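Structure, as C-alpha cells:
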C-alpha cells in the first residue's frame, strides 16, 4: 500500500454521504424554521384583525351613547387572549375613551396615526410583540 492512503474508498464515500446528508438536514431545518416564523406571524395578524373587528363592532353602542364603562367592559374580554398586552378605543380627537392593559407597563402611550385611506396597520417587534390597530370611521 501507498503510505498516504490510510482510508479505503468505501470509508471516504461513507463520510462524504454523512456530510452531504448533514448539510441537507440543516438546510431543511432552516427552511422549516423560516416557514414557521412567516406563517406564525401571518396567523397572528389574522387573529388580531378578527378580534379588533369584533371589539369594534361591540363598541359601537358604547361610543354612540358615550358610555366608557361599557367600552371598558368590552375591552376586558381581551383578557382571555394572552397575545394581547393592551388595547384601547379612542375618540376622533385622539383622546382615550376606554383602555385595557394586562400590566401597567403595557399601557398604550400614543394613538397610532394612520393615513386617511387605510383602515388597519400592523407592526412587529421581533417575535414577542405584534400590534394591530383598527380605526373606526363614522358611516
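The values are calculated or read from the model by the stated rules, or taken from the named source; none is laboratory data. Please read these numbers as outputs of a predicted model, since none were measured by experiment. Every residue, glycine as well, gets a Cβ built from its backbone with ideal geometry; the counts of neighbours run over all protein chains shown.
Considering region 71-83 alone, what residues qualify as being out of contact with any strand residue (DSSP E or B) (no Cβ under 8 Å at 6 or more places or on another chain) and in a loop (DSSP other than H, G, I, E, B)?
Of everything in region 71-83, those that are out of contact with any strand residue (DSSP E or B) (no Cβ under 8 Å at 6 or more places or on another chain) and in a loop (DSSP other than H, G, I, E, B) turn out to be 81, 82.
Among the numbered criteria (1) outside any loop (DSSP other than H, G, I, E, B); (2) within 19 Å of the chain's Cα centre (by Cα); (3) at pLDDT below 85, which single criterion is violated by residue 89?
Residue 89 satisfies every listed condition except (2).
Evaluate region 112-135: report whether one residue or more is at pLDDT 85 or above, closer than 21 Å to residue 40 by Cβ, within 19 Å of the chain's Cα centre (by Cα) and surrounded by fewer than 11 Cβ atoms within 10 Å (Cβ to Cβ).
no
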